[in-house]
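No lab work stands behind these numbers, since they all come straight from the coordinates. Because the structure is predicted, anything quoted here is derived from the model rather than measured. Please note: Cβ atoms are built from the backbone with ideal geometry, for glycine as well, and neighbour counts cover all protein chains shown.
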Amino acid sequence: MKWLARWLSHLSRWMTGIEIHPGATIGHRFFIDHGMGVVIGETAEIGDDCTLYHGVTLGGTSWNAGKRHPTLLNNVVVGAGAKVLGPITLADGVRIGSNAVVTKDVEANSTVVGVPGRVIHHHDENQKKRNAFAEKLGFDAYGATRDAPDPVATAINKMLDHIHAMDEKMQTMCGALKQLGTEIDVSNLPDLGSCSLSTTSVDEKVDDADKIETN
């Protein structure tokens, strides 16, 4: 019933602005938000719980027979205007930023932006540690750098990794000293759950230190 499928595809495109080739494979709970301009190619495969925004293209890069279009696994979100091209695979939980052009496979739980698409955020074990330590410090590193360039996000992540490593070493040293009978007074250390990172408080502490040194 290829002719009926083609007719339904053209009718749907005329009514909604969304073009889905009859040969595409689509999973459960697939959602298209503001779908005008969405194009899904013939050999595209979409898993469960995926979301596409307006202007998204799941396209091919050649006329060769066989698999020519992307495969989206489960829980993938593709932002407005993004182009995912070729027989590539977006693994579970991938997020594609608006207007990105993706032509290579993307690992699970990664965030991709830019032209050409590049991974700017990847959820791994180190990222879990960063998020946990950032929560102690009272801010979300990824949220704080949402509008920042990649070097800034990378620098903050490296700082969190370094602080976390130093904290673990200090805890190990304190444990070793305690076994030797030495107690370390940590009552003056600030609580990470309530500490402030504002520049004002830092400046005030510097001024107080200068006054003490002068006296």
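Rounded to whole numbers, the Karplus 3J(HN,Hα) couplings from phi for the stretch 13-29 are 5, 5, 7, 10, x, 10, 10, 10, 5, x, x, 5, 10, 10, x, 7, 6 Hz, using 6.51 cos²θ - 1.76 cosθ + 1.60 with θ = phi - 60°, and x at Gly and Pro. When each of the peptides 171-178, 71-78, 93-100 is scored by how many other beta carbons lie within 10 Å of its residues on average, the order from highest to lowest is 71-78, 93-100, 171-178. Counting Cα-Cα pairs of the stretch 1-119 in 5 Å increments starting at 0 gives whole-percent bin shares of 3, 13, 22, 27, 19, 10, 4, 1, 0.
For the stretch 84-90, the Karplus equation 6.51 cos²θ - 1.76 cosθ + 1.60, evaluated at θ = phi - 60°, returns couplings of 10, 10, x, x, 9, 10, 9 Hz by residue, with Gly and Pro reported as x. Close amide-amide hydrogen proximity is noted between His121 and Thr111, each under 5 Å apart and 5 or more residues distant or on a separate chain (H modeled in the peptide plane; Pro and chain starts excluded).
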